[in-house]
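First up is the structure itself, then whatever we jot down about it.
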Amino acid sequence: MPRRIAFLLLALAITAGLVALAVAVLAPGGWTVWEVLILLCYLGTIPWSALSAANALVGLTILLGARDPPAAVLPALSRARQGPPRGRTAIAICVRNENMEAVLPSLGRLMDGLPPDRFVLWVLSDTPAGPAAEVEDAAMRAFAASRPNARYRRRAVNEGFKAGNVMDFLDHHAEGLDYFLCLDADSEMTPEAVLRMVACLEADDRLAIVQQLIHGRPATAAFPRLFQFGMRQGMRSWATGQAWWQGDEGPYWGHNAIIRIAPFRELCRLDPLPDGSRILSHDQVEATRLHAAGWKVRVLPDDTGSAEGNPPTFGDFVTRDLRWAGGNMQYLALLRLPGMTPMARWQLVQAILLFLGAPLWCAILVLAAVNALTGGGEATPTGALVALFAATWACHYAPKLVGYAEVLLKPALADRYGGRAAFARGAAAEIAFTTLMEPARLMAQTLFLLALPFGVKVGWAAQNRADRGVAWRDAARQFWPPTVAGIALTLAFAGASPLALLLAMPVLASLLLAIPFAVVTADPEFSARLRAAGLCALPEEIRAPIG
């Protein structure tokens, strides 16, 4: 509780600073109705900005000051014993219409490094009957021929999606097993990482889940390479700071996590929502069930030996993003359910806030254009406005920024990227990349969330995981709405004043360039040039498959 109070006070201080800046920008010259609406929308975005900044500051303090940062926020890590595990663990990987030639090699490397009497592999398939299922079955037969501890099960009906797949396995195939490591089709882990997670679970009998941090698998395409460069640094500081104050009531992200079977099977059986639909973003709901029953869910904020694939194109990324948005919005129906701890409710609120800010930011942009056109912004102090932009941007992206600071302050970390200069170039390239990506992404989220109440369906379709180029036609089909919005808003700001257009240009550029951005960042030639220039270099430990 003292940690949570301290964190709350830090977040409130950041909130107060942002609110004061916003009022200083909007109040001069009197309040127009548009400025009141802008302030109300901005207040709705502040919780996420304050949360990001506070997590980042706490995380950076631990990363720079603790001798062993992961052990500082996961006590079981320092108590974990060496030697073979006492219990038996299933490596459970969920697949549906996946390319098994891409899935099985990393599983083979993992299983070959684990003691066969303590670990068994279960490939849990939801692939519908047909040619794809036959190919999958043949691949598994060949794989299991030399690995007697490999198992394969395919369900005829994928009731409950992934959560139902996992629970079906626990109900019918987990006899004699104590734990299971949940993996997605694009997950990859080393034997050392898995053994460390099992040791943490065995060091604390009340620990139900250990969720390890995850970095991106090696990529060649520009989009995933740039994205994972920033994600890795941001997630380290965010997860470390969050684990410090959330403690035993941490999050579960659905994969690359070790789970104690008995409490999970008893408590995490998910009923349909009141409208009969299934919970899509099931992982955090499962964590809240364990919290309520007094079980611990902890994060291991170290991504060593733990990886996942990132979407290879901007279009694939947005498609996955919208699927997550639809799943997280289902939490609105769960917030008032009885039996959840206050932290569990906050976990659901936090997941909602991750996407709820998008329509608020887009509303601010539209309202600012209307306010400028109607002359309402004539008294706005430009210096204060620029300061508000800078402070908001710094808070929103604080996890990445402090992650970059950590690497630059630690020569040993920077050397893994080729030195401070190479890392700084990569950070600059990633910031430019995010500046061009984020507004278009927020516009796509906004349009999706506005359509969601009118029957837009969200499902768990198979994902594209292979590097590929993007045709201009396909990019235009997906990103014409942000482009049209960008043209309309550019005309509005230009009609107001050259200064208004200049200040809005970083956001407008993302909307106007969404289509070429999707094409260029997937282009093999551009990707090769990016790598040749040494921009966003991968650290030496993940330049090759981690197995």
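The relative contact order of the chain comes to 21 percent, based on Cα pairs under 8 Å that sit 6 or more residues apart. If both residues of a DSSP beta bridge must be in the chain, then about 25% of such bridges are antiparallel.
How much FRET efficiency would the formula 1/(1 + (r/R0)^6) give for E378 and L43, where r is the Cβ-Cβ distance and R0 is 30 Å, rounded to 0.05? So the FRET efficiency works out to roughly 0.80. Working ranking of peptides 442-449, 268-275, 106-113, 156-163 by packing, defined as the average number of other Cβ atoms within 10 Å per residue, highest first, is 442-449, 106-113, 156-163, 268-275.
Available extension along the chain between I352 and W472 is 39.9 nm, counting 0.36 nm per residue and deducting the alpha carbon span. Model label points for N99 and I5, set 7 angstrom from Cα along the Cα-to-Cβ axis, are 5.5 nm apart. For the stretch 142-262, the relative contact order works out to 40 percent when only alpha carbon pairs closer than 8 Å and six or more residues apart are counted.
Solvent exposure of the stretch 471-529 amounts to 51 Å² per residue of accessible area, where only protein heavy atoms count and the probe is 1.4 Å.
How would the stretch 1-100 be classified by its alpha-carbon gyration tensor: rounded, prolate or oblate, with rounded meaning a/c under 1.5 and the a/b versus b/c comparison settling the rest? Since a/c reaches 1.5 but b/c is at least a/b, the shape of the stretch 1-100 is classed as oblate. Apolar share of the accessible surface for the stretch 85-168: 55 percent from carbon plus sulfur atoms, 1.4 Å probe.
Using the average count of surrounding beta-carbon atoms within 10 Å as a protection proxy, the listed peptides 513-524, 79-90, 321-332 rank, highest first, as 513-524, 321-332, 79-90.
Measure nothing but the geometry: give the 0 to 90° angle between the long axis through the Cα atoms of 100-112 and the longest principal axis through the Cα atoms of the chain, rounded to 10°. Computed tilt is about 60 degrees. Helical runs assigned H by DSSP (4 residues or longer) give the chain a calculated mean residue ellipticity at 222 nm of -20000 deg cm²/dmol, each run adding -39500 (n - 2.57) before division by the residue total. In this simple spin-label model, placing a label point 7 Å from the Cα along the Cα-to-Cβ direction at both A145 and R79 gives a separation of 4.7 nm. Site pair W480 and A451 shows an inter-label distance of 1.2 nm when each label is modelled 7 Å from Cα along Cα→Cβ. Residues Y417, Y397, ordered by accessible area of protein heavy atoms at a 1.4 angstrom probe radius and largest first, appear as Y397, Y417.
Here the extension length gained between E266 and V135 equals 43.7 nm, from 0.36 nm per residue of separation less the Cα-Cα distance.
For the stretch 196-344, the carbon plus sulfur part of the accessible surface works out to 55%, probe radius 1.4 Å.
Percent of alpha carbon pairs in the stretch 131-284 separated by more than 19 Å? Considering the stretch 131-284, 66 percent of its Cα-Cα pairs are separated by more than 19 Å.
Just the number: Rg to Rh for the chain, Cα atoms, Kirkwood Rh, two decimals.
Using Cα coordinates only, the ratio equals 0.96.
Compared with the dominant Cα axis of the chain, that is its longest principal axis, helix 2-26 is turned about 30°.
Label point of K410 set 7 angstrom out along Cα-Cβ; within the stretch 303-336, amide nitrogens under 15 Å from it belong to 303-305. Compared with the dominant principal axis of the Cα atoms in the chain, helix 398-409 is inclined by about 70°.
The aspartates and glutamates within cross-link reach of K400, meaning a Cα-to-Cα straight distance under 18 Å and a gap of 8 or more places when in the same chain, are D302, D303, E430, E438.
The values are calculated or read from the model by the stated rules, or taken from the named source; none is laboratory data. All figures in this text were calculated on a predicted structure; none of them were measured in a lab. For neighbour counting, all protein chains shown are included, and Cβ atoms are generated from backbone atoms with ideal geometry for every residue, glycine included. Only protein heavy atoms, including side chains, enter the accessible area calculation; ligands, DNA and RNA are left aside. Shrake-Rupley method; radii C 1.70, N 1.55, O 1.52, S 1.80 Å.
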